[in-house]
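Each reported figure results from applying straightforward, stated rules to the coordinates on display, with no laboratory input. This structure is a prediction, so every number in the text was calculated from the model and none was measured. Backbone-built Cβ (ideal geometry, glycine too); neighbour counts: all protein chains shown.
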Amino acid sequence: MRTANVERDTLETQITISVNLDGEGTAKLDTGVPFFEHMLDQIARHGMIDLDIKANGDTHIDDHHTVEDIGITLGQAINKAVGDKKGITRYGHAYVPLDEALSRVVIDLSGRPGLVFNADFTREKIGNFETELVFEFFQGFVNHANATLHIDCLRGHNSHHQAETIFKAFGRALRMALSQDERMAGKMPSTKGSL
């Protein structure tokens, strides 16, 4: 079983995350940020990853620390759960539409953190959720998952749809990258011999 439990405890947030990379797509989420929970549920459902996330953050200030630190902790958990990366597909990509919105996400579990993020949200907030926090979540994730991630929201005029296509496509791309290729069993998916 490719599973991991990670805790992060700072003066700003206390976070516990459990992941099962070979799960059924279930999510137990308690973050204090409702719209963000809706997005995390997309990762679980479309990534076929079981997620259990509990976060207590300084949301009385704003949601920034909670969202960013969940990205950091989720990156750590996935990196830990995937192990030595032998036999994985390594690369993943997905296009996901939602009505008028369309996003493309491409990921490489390369061992090197990098984020290219292109999303021009049409609103600064979705309900009370600041759309700029989508970038902060993924920046925290790539830095600690040691992954290269390209995110492009190609079109859309509804910010909820724009964000949802990004998170759904991320889940699908991550699912592909984490999938095990029987032809690569016991082999490192790199000519360098390590990731």
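Below, the figures for the structure above:
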read-out: Out of Ile43, Ile53, Ile61, Ile17, sole residue that is under 19 Å from Glu136 (Cβ atoms) and more than 15 Å from the chain's Cα centre (by Cα); value: Ile61
read-out: Condition met for Phe137 (more than 13 Å from the chain's Cα centre (by Cα) and either surrounded by 15 or more Cβ atoms within 10 Å (Cβ to Cβ) or under 15 Å from Ile107 (Cα atoms) (or both)); value: no
read-out: From Leu51, Leu11, Leu21, residue being farther than 25 Å from Lys125 by Cα and without any contact (Cβ under 8 Å) to a residue 12 or more places away in the chain; value: Leu11
read-out: Residues that are of a type in the set (D, E, K, R) and outside any helix (DSSP H, G or I), drawn from region 139-195; value: Asp152, Arg155, Asp181, Lys187, Lys192
read-out: Verdict on Gly32 being of a type in the set (Gly, Ala, Ser) and within 24 Å of Asn158 (Cα to Cα); value: yes
read-out: Hey, Arg90 on the phi > 0 side of the Ramachandran plot and in contact with a helix residue (DSSP H, G or I) (Cβ under 9 Å, 6 or more places away or on another chain) or not; value: yes
read-out: Number of the condition not met by Glu132 [criteria: (1) closer than 30 Å to His60 by Cβ; (2) in contact with a strand residue (DSSP E or B) (Cβ under 6 Å, 6 or more places away or on another chain)]; value: (2)
read-out: Given (1) of a type in the set (Gly, Ala, Ser); (2) in contact (Cβ under 8 Å) with a residue 60 or more places away in the chain; (3) on the phi < 0 side of the Ramachandran plot, number of the condition Ser159 does not satisfy; value: (2)
read-out: Counted residues, region 104-134 - those being in a helix (DSSP H, G or I), buried (at least 16 other Cβ atoms within 10 Å of the Cβ) and not β-branched (Val, Ile, Thr); value: 1
read-out: Residue, nearest to Ile61 (Cα to Cα), within region 147-175, restricted to residues that are surrounded by fewer than 20 Cβ atoms within 10 Å (Cβ to Cβ) and polar (S, T, N, Q); value: Asn158
